[in-house]
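Notes for the one structure printed next.
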Amino acid sequence: MTEVPASAQELQARAGACLLNYDVNVRVEDTGLGFEFDGALCSLRGVNLAPGLDVLTLTAVLAWDRPLKPQLHKRVAERNAALQFGSITVINQTKLADILLRYTFPAAGLDDEALTTMLLLVLSGVGRSREGLLLP
């Protein structure tokens, strides 16, 4: 396993602490932080892309094992158009699909208030994006 630079680890830990202030139950996992938000399973990782460029990357599973129908693609496209931060992807698995929201943003240098604001903005999109995706 590749070692994560201390700055990315510190950023990840700070992000987890910011979420704890909003009663998000954050778990430390091998690959980052795990938590649930508005019914979506989320993963948050601090990553060092280059010296001085630490980012946070969020992946949220909005829905899984959804029937792969044109209506699903239409709903995802509507949510993508309304989304401020990140993008929603349909992962095809034969006749079923998983829907993920992904967002990566540079976070090095943000103080805790700005970091919390950014995380809450991204996570607010998670809740809104799940609406209607769980319908048959």
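For this structure, a couple of remarks:
- Residue tally, condition in contact (Cβ under 8 Å) with a residue 24 or more places away in the chain and hydroxyl-bearing (Ser, Thr, Tyr), over region 34-89: 2
- Within region 32-81, the residues that satisfy the criterion of being of a type in the set (Gly, Ala, Ser) and out of contact with any helix residue (DSSP H, G or I) (no Cβ under 9 Å at 6 or more places or on another chain) are Gly34, Ser43, Ala50, Ala77, Ala81.
- Considering residues of region 44-78 that are within 15 Å of the chain's Cα centre (by Cα) and of a type in the set (Gly, Ala, Ser) only, the residue farthest from Ala17 (Cα to Cα): Ala63
- Scanning region 56-89 for residues that are surrounded by 17 or more Cβ atoms within 10 Å (Cβ to Cβ), hydrophobic (A, V, I, L, M, F, W, C) and outside any loop (DSSP other than H, G, I, E, B) gives Leu56, Leu58, Ala60, Val61, Leu62, Ala63, Leu72, Val76, Ile88.
- Candidate set from region 90-130 (those that are acidic (Asp, Glu) and either in contact with a strand residue (DSSP E or B) (Cβ under 8 Å, 6 or more places away or on another chain) or part of a helix (DSSP H, G or I) (or both)); member that is surrounded by the most Cβ atoms within 10 Å (Cβ to Cβ): Asp98
Coordinate-derived values only; no laboratory data. Computed from a predicted structure; not experimentally measured. Neighbour counts run over all protein chains shown; Cβ positions are idealised from the backbone, glycine included.
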